[in-house]
Amino acid sequence: MSKVPLYFDVFSEGLFTGPESSVPIDYAKIYSDPESEKAIMSSVVYCIHHKEGCKWSDELRKLKGHLNTCKHDAIPCTSKCGAQIPRVLMEDHLKYTCPQRRTRCEFCNKEFTGHTLENHVGNCGYEPLYCENKCGVKIHRRHLSQHKASDCSKRLLPCRYCTKEFVADTLTAHHLKCGRVPIQCPNRCDVNVLAREELESHLKEECTISVHSCSFKEAGCRFKGPRFAMEKHLEENCQQHLQLMCSVVSKQQHQITSLKSALSRLSLNYSGTLIWKISEFSNKVAEAKTKEGMELVSPPFYTSQYGYKLQASLFPNGNGAGEDSHISVYIKILPGEYDGLLRWPFAHSVSFTLFDQSTCPEKACNIVESFIPDPTWKNFQRPSKEPDSLGFGFPKFVSHEMLKKRHFMKDDTVFIRVKIDPSKIVAV
Ligand SMILES: [Zn+2]
Ligand SMILES: [Zn+2]
Ligand SMILES: [Zn+2]
Ligand SMILES: [Zn+2]
Ligand SMILES: [Zn+2]
Ligand SMILES: [Zn+2]
Ligand SMILES: [Zn+2]
């Protein structure tokens, strides 16, 4: 006979559901035949807790007896909490989960039922806890709030001088630099106590005893003294202070002059081409008509970095043959830094260009005059330290009539280019 697993609970209910009808049937009424019943009851079955792990297997008639001891069969909790617990789990249940169990709090050692312990856990005054401020202290719950209020090294405390809040264990360090900590004036003047942050201004402005340098120290006065003596010193030394200041001013004047000349050296033009912009030109022509020999001079420029130093000049009302009718232009050689290295006489061609400032560059018609220096002319010899010569150029460069034409003059401004042929300038 094969083993048939029987999983329906025939013994507790006496009823089961037949294969062809869902109406529960009393099995005793079906099997009234003692022979058949005997055969059924002799069939070998597994325990109904086979799936939970019970290995029992025997005749069906012995199942009920087995279930009385089967460790997987559930029985009411022996502490009467009302739960149905498999025998095998009863010990754990009684010990750990039964609400009726007797147990002790591991911290205060008081006795509780499982049920009341749940409320106690998390509230026990004897449970050791780390302080939430992370000060590292572990302390019983009942002492924690006292600790945080008055002992914890990480609690916030106000500085008693400046009232700002600090973590308790940094307060001492703060006191060493707190600006509001009261201190005494190191000069022991009549001000008794002042806040540390006020000391500097006290010493500078109020302290009657602190020593100050005379305010003319930078000018050279060496006097030092307390506030009251200073007033007297200033009163009595007006003359001396004034002299000191005068020498400072003249020293500075000297520096300014040398700075100016350094600056003008830096801004010098070394390109060999001068573009000379002359604005308010008609004013200058009018002025020149009343001032005989009025001459405009250009900024000095060099023919190259180590070349000749030149300067252009212009007579708005003409000079010599051009007087009263033309503008005259000249170039003169100034004493330069590199004259000792240069070939003399100066022999490079020079051109003067008056620009036509027409808005349309293709239609512009510039006026150009140029010359090659005559080596016999004294103007082209190496210049002396004090040149006074006129230079060389064109007395009748452009007539006043011509100047009014085209766009030579625009916005009352003229542009004159002076260009030096750059070849063979340096002799060495
Ligand atoms: Zn069993
Ligand atoms: Zn229980
Ligand atoms: Zn406790
Ligand atoms: Zn703490
Ligand atoms: Zn403070
Ligand atoms: Zn003082
Ligand atoms: Zn002084």
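Please note which helices (runs of 4 or more DSSP H) are completely contained in region 94-210 and include at least 2 residues that are modelled with pLDDT under 95 and over 26 Å from S79 (Cβ atoms).
Values: elements: 114-120, 141-150, 171-177.
Per the criteria, 141-150, 171-177.
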Restricted to region 218-228 and to residues being part of a helix (DSSP H, G or I) and either more than 9 Å from ligand 7 (Cβ to nearest atom) or not assigned by TED's automatic domain parsing to the domain that holds Q252 (or both), the residue surrounded by the most Cβ atoms within 10 Å (Cβ to Cβ) is R227
Scope region 348-407; condition of a type in the set (D, E) and touching a His at 6+ places or on another chain (Cβ under 7 Å); matching residues:
D356
Just one of K224, K277, K284 is away from ligand 3 (no atom under 16 Å from the Cβ), modelled with pLDDT of 90 or more and farther than 25 Å from K332 by Cα; which is it?
K224
Filter region 166-192 for residues that are exposed (fewer than 11 other Cβ atoms within 10 Å of the Cβ) and of a type in the set (D, E, K, R); which is nearest to Y126 (Cα to Cα)?
K177
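Each row is one residue, and each column tells you yes or no for (1) more than 10 Å from ligand 7 (Cβ to nearest atom); (2) surrounded by 13 or more Cβ atoms within 10 Å (Cβ to Cβ); (3) at pLDDT 90 or above; (4) not basic (K, R).
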| position | (1), (2), (3), (4) |
| --- | --- |
| F216 | no, yes, yes, yes |
| M230 | no, yes, no, yes |
| Q240 | no, yes, yes, yes |
| L244 | no, yes, yes, yes |
| V248 | yes, yes, yes, yes |
| Q252 | yes, no, yes, yes |
| I256 | yes, no, yes, yes |
| L259 | yes, no, yes, yes |
| L263 | yes, no, no, yes |
When every residue in region 40-61 that is in contact (Cβ under 8 Å) with a residue 40 or more places away in the chain and hydrophobic (A, V, I, L, M, F, W, C) is compared, the one nearest to ligand 2 (Cβ to nearest atom) is I48
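Is it the case, given these coordinates, that E35 is away from ligand 5 (no atom under 16 Å from the Cβ), part of a helix (DSSP H, G or I) and over 30 Å from V167 (Cβ atoms)? Give the derivation first.
Details: away from ligand 5 (no atom under 16 Å from the Cβ): yes; part of a helix (DSSP H, G or I): yes; over 30 Å from V167 (Cβ atoms): yes.
It is true that E35 is away from ligand 5 (no atom under 16 Å from the Cβ), part of a helix (DSSP H, G or I) and over 30 Å from V167 (Cβ atoms).
Does H72 qualify as being assigned to a loop (DSSP other than H, G, I, E, B) and closer than 30 Å to K38 by Cβ? Reasoning before the result, please.
Numbers: assigned to a loop (DSSP other than H, G, I, E, B): yes; closer than 30 Å to K38 by Cβ: yes.
Yes.
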Taking region 337-350 as the search range and keeping residues that are more than 22 Å from E369 (Cα to Cα) and not in a strand (DSSP E or B), which one is nearest to the chain's Cα centre (by Cα)?
E337
Let me spell it out: the conditions are (1) within 15 Å of ligand 6 (Cβ to nearest atom); (2) touching a residue at least 12 places away in the same chain (Cβ under 8 Å), and K204 meets all of them except one. Which number is the exception?
(2)
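Which of the residues belonging to region 351-365 are in a loop (DSSP other than H, G, I, E, B) and either modelled with pLDDT of 90 or more or under 20 Å from Q311 (Cβ atoms) (or both)? Talk me through it step by step, then tell me what you get.
Let us first name the residues in region 351-365 that are in a loop (DSSP other than H, G, I, E, B), namely 355-360, 364-365.
Those that are in a loop (DSSP other than H, G, I, E, B) and either modelled with pLDDT of 90 or more or under 20 Å from Q311 (Cβ atoms) (or both): F355, D356, Q357.
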What pairs come up if the first residue lies in region 63-81 and is farther than 24 Å from T97 by Cβ, the second is part of a strand (DSSP E or B) and away from ligand 4 (no atom under 16 Å from the Cβ), and their beta carbons are under 8 Å apart, counting only those six or more places apart or on different chains?
L63/V45; H66/D58
For the condition at pLDDT below 90 and either touching a Lys or Arg at 6+ places or on another chain (Cβ under 8 Å) or not in a loop (DSSP other than H, G, I, E, B) (or both), what is the one hit in I40, I85?
I40
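Does N123 qualify as being away from ligand 2 (no atom under 16 Å from the Cβ), within 30 Å of A168 (Cβ to Cβ) and of a type outside the set (G, A, S)?
Working: away from ligand 2 (no atom under 16 Å from the Cβ): yes; within 30 Å of A168 (Cβ to Cβ): yes; of a type outside the set (G, A, S): yes.
Taking the combined requirement at face value, the residue satisfies it.
Being within 16 Å of ligand 7 (Cβ to nearest atom) and either under 36 Å from the mean Cα position of the chain (by Cα) or among the hydrophobic types (A, V, I, L, M, F, W, C) (or both), is that true of even one residue in region 179-192?
Restricting attention to region 179-192, the residues satisfying the condition of being within 16 Å of ligand 7 (Cβ to nearest atom) are none.
No; the residues of region 179-192 include none that is within 16 Å of ligand 7 (Cβ to nearest atom) and either under 36 Å from the mean Cα position of the chain (by Cα) or among the hydrophobic types (A, V, I, L, M, F, W, C) (or both).
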Right, E118: under 30 Å from D92 (Cα atoms) and within 16 Å of ligand 2 (Cβ to nearest atom) or not?
yes
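The values are calculated or read from the model by the stated rules, or taken from the named source; none is laboratory data. Please read these numbers as outputs of a predicted model, since none were measured by experiment. Cβ atoms come from the backbone with ideal geometry, glycine included; neighbour counts cover every protein chain shown.
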